[in-house]
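The structure under discussion appears below in the form of structure tokens.
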Ligand SMILES: Cc1ncc(COP(=O)(O)O)c(C=O)c1O
């Protein structure tokens, strides 16, 4: 069987490899604690589950959905953006549903890239920013996130050829995997860059609702001029514990959203309307409380992990958002060799920074998505095996 050259261009998906390693260890009798994957462990709130159950009883939700989304969905996103970010959106032209940020980001590549053009992808970054462009037969140019710039890319250092061929630029704050929040002035610089090079900024807002210590994450669209050059992908997966529900929205530039919509009408048939109505519940003021409670859970876990790492001599900056802690590997290790050592010595899975891009080398990522007792156990094991 011959698979496509497009597919051959891709490395195995990071988490598929992690799952394989975990299964191998478990089969060998090891009690593995996986801090590798960012999939919230607690159930979705009854607020959304009840809304789904009620909507699923209504035959009005059972037919093919429209890719534009139900009016209630678009209106709920509009209200949410106004209440939460002070951003005014037109529910007719500037909002449509997406089947998760992953689907949306991948399909934006299909809608905007041709062979010979590229996407500028934050590195380290969510793997779809780099895999997506390759899968559609285009190119990717990585823009390194620099720790000394607060994990902003240095846009002045983007080579002229990369800027010339780029049609998309992926940014993401609060950031996976570094946990960084948006450095001051970055969104403004990105807008100027997009104007200069005529590209679309895609801001991945998967973690704006998961923040700590009173920090409130902005929307990219709050920055003046953002809507002229950009879209934001707002996912309900992490902030509202809805990873399995595949629910997000793309908002912002109407022309870009029309292109995405045109593509989608040829690819899938939209989001189950009962799920859209559950998303309406999540985006209500009651949903704000759900997201706040989840942030409190992660803040507690973040403290547990950061304190333990400090005790064993690993210097980390406690993140102000996301569900991850990003830490440097000890001297003498690559990120892969260190993660292998951690797994061998303690049965704890952490992910190597290098798998999020070359600029992630030298770091590892801990995900906070296991119950507190398991996280404490993992931290104890790390302390015992690596502390001495
Ligand atoms: C930065 C980022 N974007 C997107 C996603 C995927 O989001 P969704 O579940 O909405 O597809 C993730 C999941 O880990 C992520 O970390």
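The values are calculated or read from the model by the stated rules, or taken from the named source; none is laboratory data. These figures come from a predicted structure and were not determined experimentally. Using ideal geometry, Cβ is built from the backbone for each residue, glycine included, and neighbour counts are taken over all protein chains shown.
Test each condition in (1) free of Cβ contacts under 8 Å to residues at least 40 places away in the same chain; (2) more than 30 Å from residue 301 (Cβ to Cβ); (3) more than 15 Å from the ligand (Cβ to nearest atom); (4) assigned to a helix (DSSP H, G or I) for residue 140 and report the one that comes out false.
It fails just one condition, (4).
Can you tell me which of 58, 31 is under 30 Å from residue 354 (Cβ atoms), surrounded by fewer than 18 Cβ atoms within 10 Å (Cβ to Cβ) and either at pLDDT below 95 or more than 16 Å from the ligand (Cβ to nearest atom) (or both)?
31
Results for (1) part of a helix (DSSP H, G or I); (2) touching a strand residue (DSSP E or B) at 6+ places or on another chain (Cβ under 7 Å); (3) farther than 17 Å from residue 219 by Cβ; (4) within 16 Å of the ligand (Cβ to nearest atom), shown as yes or no for each residue.
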| site | (1), (2), (3), (4) |
| --- | --- |
| 76 | yes, no, no, no |
| 83 | yes, no, no, no |
| 89 | no, yes, no, no |
| 96 | no, yes, no, yes |
| 103 | yes, no, yes, yes |
| 106 | yes, no, yes, yes |
| 116 | no, no, yes, no |
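I need the full set of residues from the stretch 118-129 which are within 11 Å of the ligand (Cβ to nearest atom) and over 13 Å from the mean Cα position of the chain (by Cα), in order please. Don't jump to the end; show me each part of the working.
First pass over the stretch 118-129, keeping only residues within 11 Å of the ligand (Cβ to nearest atom): 122, 124-129.
Across the stretch 118-129, there are no qualifying residues.
Can you tell me which residues in the stretch 321-346 are in a loop (DSSP other than H, G, I, E, B) and under 18 Å from residue 38 (Cα atoms)? Please lay out each step first, then the result.
The first filter runs over the stretch 321-346 and keeps only residues in a loop (DSSP other than H, G, I, E, B), leaving 322-323, 329-334.
Selection gives 322, 323.
Can you pull out the helices (runs of 4 or more DSSP H) entirely within the stretch 179-265 that have at least 2 residues that are in contact with a helix residue (DSSP H, G or I) (Cβ under 8 Å, 6 or more places away or on another chain) and closer than 25 Å to residue 146 by Cβ?
Result: 186-197, 226-229.
Report yes if residue 132 is within 15 Å of the ligand (Cβ to nearest atom) and in contact with a helix residue (DSSP H, G or I) (Cβ under 9 Å, 6 or more places away or on another chain), otherwise no. Don't jump to the end; show me each part of the working.
Details: within 15 Å of the ligand (Cβ to nearest atom): yes; in contact with a helix residue (DSSP H, G or I) (Cβ under 9 Å, 6 or more places away or on another chain): yes.
It is true that residue 132 is within 15 Å of the ligand (Cβ to nearest atom) and in contact with a helix residue (DSSP H, G or I) (Cβ under 9 Å, 6 or more places away or on another chain).
Of the conditions (1) touching a residue at least 40 places away in the same chain (Cβ under 8 Å); (2) in a helix (DSSP H, G or I), residue 145 fails just one. Which one is it?
(2)
Take the residues in the stretch 231-247 that are touching a residue at least 60 places away in the same chain (Cβ under 8 Å), buried (at least 24 other Cβ atoms within 10 Å of the Cβ) and under 11 Å from the mean Cα position of the chain (by Cα); name whichever of them is farthest from the ligand (Cβ to nearest atom).
Checking each candidate, the answer is 234.
Out of all the residues in the stretch 225-238, which are touching a strand residue (DSSP E or B) at 6+ places or on another chain (Cβ under 9 Å) and over 13 Å from residue 201 (Cα atoms)? Talk me through it step by step, then tell me what you get.
Taking the stretch 225-238 first, the residues touching a strand residue (DSSP E or B) at 6+ places or on another chain (Cβ under 9 Å) are 226-227, 229-237.
Answer for the stretch 225-238, where residues must be touching a strand residue (DSSP E or B) at 6+ places or on another chain (Cβ under 9 Å) and over 13 Å from residue 201 (Cα atoms): 234, 235, 236, 237.
Which of (1) part of a helix (DSSP H, G or I); (2) more than 16 Å from the ligand (Cβ to nearest atom); (3) modelled with pLDDT of 95 or more does residue 309 not meet, given it meets every other one?
(3)
How many residues are assigned to a helix (DSSP H, G or I) and touching a residue at least 40 places away in the same chain (Cβ under 8 Å) if we restrict to the stretch 266-297?
The first filter runs over the stretch 266-297 and keeps only residues assigned to a helix (DSSP H, G or I), leaving 273-282, 285-297.
From the residues that got through so far, the ones that are touching a residue at least 40 places away in the same chain (Cβ under 8 Å) too are 273-282, 285-288, 290-291, 294-295, 297.
Selection size over the stretch 266-297: 19.
Quick one: would you say residue 221 is touching a residue at least 12 places away in the same chain (Cβ under 8 Å) and more than 18 Å from the chain's Cα centre (by Cα)? Walk me through how you get there before you give the answer.
Details: touching a residue at least 12 places away in the same chain (Cβ under 8 Å): yes; more than 18 Å from the chain's Cα centre (by Cα): no.
When the stated conditions are applied, residue 221 does not pass them.
Take the residues in the stretch 189-214 that are over 19 Å from residue 119 (Cα atoms) and out of contact with any strand residue (DSSP E or B) (no Cβ under 8 Å at 6 or more places or on another chain); name whichever of them is nearest to the ligand (Cβ to nearest atom).
209
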